[in-house]
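Following: one structure in structure tokens, then a few remarks.
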Amino acid sequence: MEQVSYKKLFKPLIDRNEKKTEFAAKAGISQSTLAKMGKGQFISMVC
């Protein structure tokens, strides 16, 4: 499977000096989803 890049998402967080865990809490995503994003793995966001 092709690796996914979340760099465009994480760059503004770094620019604002915001931690990924703060972002996850605001976005309502789990720590496991955040970990997958950090590793460049595919995630499924189903409503």
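Only the coordinates and a few stated rules stand behind these numbers; no lab work does. All values reported here derive from a predicted model rather than from experimental measurement. Note that we place each Cβ from the backbone using ideal geometry, even for glycine, and neighbour counts take in every protein chain shown.
Basic side chains Lys and Arg get +1 at the Cβ, acidic Asp and Glu get -1 at the Cβ, and with that the dipole of the chain about its Cα centre reaches some 80 debye. Relative contact order, whole percent, for the chain stands at 42, derived from Cα pairs under 8 Å and 6 or more residues apart. Each residue of the range 12-19 is assigned a 3J(HN,Hα), and the resulting list reads x, 5, 5, 4, 8, 6, 9, 7 Hz, derived from the Karplus form 6.51 cos²θ - 1.76 cosθ + 1.60 (θ = phi - 60°), x at Gly and Pro.
Here the chain is treated as a sphere whose radius is the Kirkwood value from Cα pairs; by Stokes-Einstein at 25 °C and 0.890 mPa s it diffuses with a coefficient of 218 µm²/s. At full extension, residue 17 and residue 33 could sit 3.7 nm farther apart than now, given 0.36 nm per residue minus the alpha carbon distance.
Within the shell defined by Cβ-Cβ distances under 12 Å, the residues around residue 12 carry a net charge of +3, with Lys and Arg each +1 and Asp and Glu each -1.
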